[in-house]
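Here, each number is a calculation from the coordinates, and none is a lab measurement. All of these numbers come straight from a predicted model, not from anything done at the bench. Quick reminder, even Gly has a Cβ in these numbers, built from the backbone with ideal geometry, and neighbours come from all protein chains shown.
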Amino acid sequence: MVLGITTIAFFAIAILFKNFLFAIIILLTGVTLNLFMRRPPEEREYEINRSGIIVNKTFYPYSFLHSFWIDNMDLSWQKLLITSKKTLMPLIILPLGEQDPDEVKNFLGNYLPEKEQHEPLSHKILEYFGF
């Protein structure tokens with residue numbers, strides 16, 4: 001609903017300023033975002049083992065990871081935040097689900113330092129809108 005109202009408002013502003021190309025871009029953006037929001041969430045499989053972390057068949061050895069943090073601000077939705085050395089993907093965010101956070105913390109503590117980290121605002125916004 002927020003997306004629809006925002007799209008219509010920006011579309012009306014673009015028409016008022018007689019910027020028809022921008023109006024078309026706004027409509028296409030609104031439709032595209034709506035289509036992405038309606039997709040079911042992607043299921044991720046991950047494994048934490050003695051060699052590293054595997055996320056959707058992508059292996060991250062501990063030598064390519066800096067640190068970890070367990071974000072437990074929301075006890076119903078705890079997340080594991082891992083800082084990597086990759087430039088394009090510096091933060092790996094994994095939901096813990098039913099996994100015991102203390103068990104994960106104790107295991108990862110043997111391989112990585114624990115440093116406080118926070119989920120980026122952009123990720124929280126995308127998560128709120130269903131991406």
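Within 10 Å of each residue's Cβ, count the other Cβ atoms and sort 123, 118 from fewest upward.
Least to most surrounded, the residues fall as 118, 123.
How high is the relative contact order of the chain, given as a whole-number percent (alpha carbon pairs under 8 Å, six or more residues apart)?
Relative CO of the chain lands at 18 percent.
If you keep only loop residues by DSSP, which GluC sites (Glu not before Pro) in region 41-131 have at most 14 other Cβ atoms within 10 Å of their Cβ?
When the GluC sites (Glu not before Pro) of region 41-131 are filtered for loop state and at most 14 Cβ neighbours within 10 Å, 42, 43, 45, 98, 116 remain.
Using +1 at the C-beta of Lys and Arg and -1 at the C-beta of Asp and Glu, which of 55, 70, 15 has the Cα lying farthest in the positive direction of the dipole of the chain?
15
Pairs of lysine in the chain with Cα under 24 Å and at least 8 positions apart or on different chains: total?
16
Taking H placed 1.01 Å from N in the peptide plane, check which residues at least 5 places from residue 84 or on another chain put their amide H under 5 Å from its amide H.
Close amide H contacts, sequence-distant or interchain: 66, 91, 92.
Take 77, 69 and order them by how many other Cβ atoms sit within 10 Å, fewest up front.
So the ranking, lowest neighbour count to highest, is 77, 69.
Per residue, how big is the convex hull of the chain when only Cα atoms are used? Give it in Å³.
143 Å³
Each residue of region 46-56 in order: what ³J(HN,Hα) in whole Hz does its phi give by Karplus 6.51 cos²θ - 1.76 cosθ + 1.60, θ = phi - 60°, with x for Gly and Pro?
9, 9, 10, 9, 6, 8, x, 10, 10, 10, 6
Tabulate in residue order the Karplus-calculated ³J(HN,Hα) for region 4-19, using 6.51 cos²θ - 1.76 cosθ + 1.60 with θ = phi - 60°, rounded to whole Hz; enter x for Gly and Pro.
x, 5, 5, 4, 5, 5, 5, 4, 5, 5, 5, 5, 4, 8, 6, 9
Where does the chain land at 222 nm, in deg cm²/dmol rounded to the nearest 500, when only DSSP H runs of n ≥ 4 count, each adding -39500 (n - 2.57), divided by all residues?
For the chain, the value works out to -12000 deg cm²/dmol.
Once label points are set 7 Å from the Cα along Cα→Cβ at both residue 103 and residue 5, what is their separation, rounded to one decimal in nm?
Label at residue 103, label at residue 5, 4.4 nm between them.
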